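J.: One structure, pasted below without further comment.
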Amino acid sequence: VNLRKIAGLVLLAACSSATQRGGGPTTGAAAPQLATQQFLLAANAGDIQAMSAEWGTKDGPARDAMDHTQLEKRLAILACYFKHDSARIIGEAPGMAGHRDVRVELKKGNLTRQTTFYTIKGPGDRWYVENMDLASVRDFCGNSGTTTR
């Protein structure tokens, strides 16, 4: 059953991503796990624009409320921390104050870490990644995960 869910979410992410690029300014995602997946895909690609569509608060995407220079700097740092070789959603649970906490396992080279993405529902029933646990992936940034000889 979990494999079906994951396959469905991957398909939804692909369809949603294609729709966003071709159409209007849709931000956020239809579900917490999907917002997390789309954020991670964008971070892995270093796509600050796509990341900014998934990062936000109950008021909507951060890019609509935040200084663009600050936004780009923060997202560039997040892209470094969340660049990975593989990602797997482990689970989702209710969080504090309407949040949904999405647990993710990330692998980069020989490193494997579990982290949490804190999502929140915004306008139009769209979910946004509001925050994430950086401490658990602190060794991903600046580390290829492999040793050179």
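J.: Could you tell me which of the residues 62, 35 is within 18 Å of residue 124 (Cα to Cα), at pLDDT below 95, aliphatic (A, V, I, L, M) and surrounded by 18 or more Cβ atoms within 10 Å (Cβ to Cβ)? Before you say what the answer is, go through the steps one by one.
T.: Numbers: 35 fails: at pLDDT below 95.
When all the criteria are applied, what remains is 62.
J.: Could you tell me whether segment 93-116 includes any residue that is assigned to a strand (DSSP E or B), among the hydroxyl-bearing types (Ser, Thr, Tyr) and either in contact with a Phe, Trp or Tyr (Cβ under 6 Å, 6 or more places away or on another chain) or open to solvent by less than 30 Å² (accessible area, probe 1.4 Å) (or both)?
T.: First, the residues of segment 93-116 that are assigned to a strand (DSSP E or B): 93-94, 100-108, 111-116.
Still in the list and also among the hydroxyl-bearing types (Ser, Thr, Tyr): 112, 115-116.
Subsequent filtering for residues that are either in contact with a Phe, Trp or Tyr (Cβ under 6 Å, 6 or more places away or on another chain) or open to solvent by less than 30 Å² (accessible area, probe 1.4 Å) (or both) retains 115-116.
Yes.
J.: Cβ-Cβ distance below 8 Å, separation of 6 or more or different chains: which pairs start in segment 34-46 with a residue that is in contact (Cβ under 8 Å) with a residue 40 or more places away in the chain and of a type in the set (Phe, Trp, Tyr) and end on one that is outside any loop (DSSP other than H, G, I, E, B) and buried (at least 23 other Cβ atoms within 10 Å of the Cβ)?
T.: Final answer for the pair search is 39/51; 39/54; 39/55; 39/82; 39/117; 39/129.
J.: Could you tell me whether segment 70-90 includes any residue that is of a type in the set (Val, Ile, Thr) and surrounded by 19 or more Cβ atoms within 10 Å (Cβ to Cβ)?
T.: Yes, segment 70-90 contains at least one residue that is of a type in the set (Val, Ile, Thr) and surrounded by 19 or more Cβ atoms within 10 Å (Cβ to Cβ).
J.: Next question, about the same structure. Looking at 135, 93, 79, 97, which is the one that is over 13 Å from the mean Cα position of the chain (by Cα), under 16 Å from residue 36 (Cα atoms) and aliphatic (A, V, I, L, M)?
T.: 93
Here's the yes/no breakdown for (1) modelled with pLDDT of 95 or more; (2) closer than 22 Å to residue 31 by Cα:
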residue: 92; (1), (2): yes, yes
residue: 97; (1), (2): no, yes
residue: 100; (1), (2): yes, yes
residue: 104; (1), (2): yes, yes
residue: 121; (1), (2): yes, yes
residue: 126; (1), (2): yes, yes
residue: 132; (1), (2): yes, yes
residue: 139; (1), (2): no, no
residue: 144; (1), (2): no, no
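J.: Taking segment 122-132 as the region of interest, how many residues are buried (at least 17 other Cβ atoms within 10 Å of the Cβ) and not aliphatic (A, V, I, L, M)?
T.: Adding up the residues that qualify gives 5.
J.: Something else: Name the residues in segment 43-57 that are surrounded by fewer than 24 Cβ atoms within 10 Å (Cβ to Cβ) and of a type in the set (A, V, I, L, M, F, W, C), would you?
T.: Residues satisfying the conditions are 45, 48, 50.
J.: Checking the conditions here, which among 93, 29 is in contact (Cβ under 8 Å) with a residue 60 or more places away in the chain and either farther than 14 Å from residue 104 by Cα or of a type outside the set (Val, Ile, Thr) (or both)?
T.: 29
J.: Of the residues 85, 101, which is more than 27 Å from residue 58 (Cβ to Cβ) and acidic (Asp, Glu)?
T.: Checking each option against the conditions leaves just 85.
The values are calculated or read from the model by the stated rules, or taken from the named source; none is laboratory data. Since the structure is predicted, the reported quantities are computational estimates derived from the model, not experimental observations. In this analysis, Cβ positions are derived from the backbone assuming ideal geometry, glycine residues included, and neighbour counts consider all displayed protein chains. Side chains are part of the model used for accessible areas, which takes the heavy atoms of the whole protein and leaves out ligands, DNA and RNA. Shrake-Rupley method; radii C 1.70, N 1.55, O 1.52, S 1.80 Å.
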